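Below you'll find the structure, written out as structure tokens, and then a few comments.
The values are calculated or read from the model by the stated rules, or taken from the named source; none is laboratory data. Just so we're clear, the structure is a prediction, and the values are computed from it rather than from any experiment. When we count neighbours, we look across all protein chains shown, and the Cβ atoms used for this are built from the backbone with ideal geometry, even at glycine. We work out accessible area using only protein heavy atoms, side chains counted, and drop any ligands, DNA or RNA first. Shrake-Rupley method; radii C 1.70, N 1.55, O 1.52, S 1.80 Å.
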Amino acid sequence: VRRALIMVRADGNFTTARARGNHKAGEIHGQTCQHSRLINLLGPKQIIIGVNKMDCDTAAYKQMRYDEIVNRMEGMLIKVGWKKDTVEKNTPVLPISGWLGDKFLNKSE
């Protein structure tokens, strides 16, 4: 595996999806956290993060929401085992909208 794409949601479910649960306390890991850890075990050379649902009411294409997601994803990726240097210098983060096709079907203007 050379590259892997990790999709995260920009809506209100982002926090739940990336939650780092506590097995001893019965808390469940979020899917994004689990998938990031599993992808790391496959050893891809690069990961790409797609931030979907940027068109939703919560995100509304706001730079502040995008930056918040980028910062939290970088921290989570490092915590689950990705090399800090790889995450900070070689991980593109693409804001997209599957509903509107922005950066999905068409280039943004």
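Tabulated values for the structure
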{"item": "Pair list, Cβ < 8 Å and 6+ apart or interchain, from segment 58-75 residues that are free of Cβ contacts under 8 Å to residues at least 60 places away in the same chain and under 18 Å from GLU88 (Cα atoms) to residues that are acidic (Asp, Glu) and open to solvent by 60 Å² or more (accessible area, probe 1.4 Å)", "result": "GLU74/GLU88"}
{"item": "Checking GLY81 against (1) over 18 Å from ILE6 (Cα atoms); (2) outside any helix (DSSP H, G or I); (3) open to solvent by 40 Å² or more (accessible area, probe 1.4 Å), the condition it does not meet", "result": "(1)"}
{"item": "Residues of segment 58-77 that turn out to be open to solvent by less than 60 Å² (accessible area, probe 1.4 Å) and within 16 Å of CYS33 (Cα to Cα), as a count", "result": "7"}
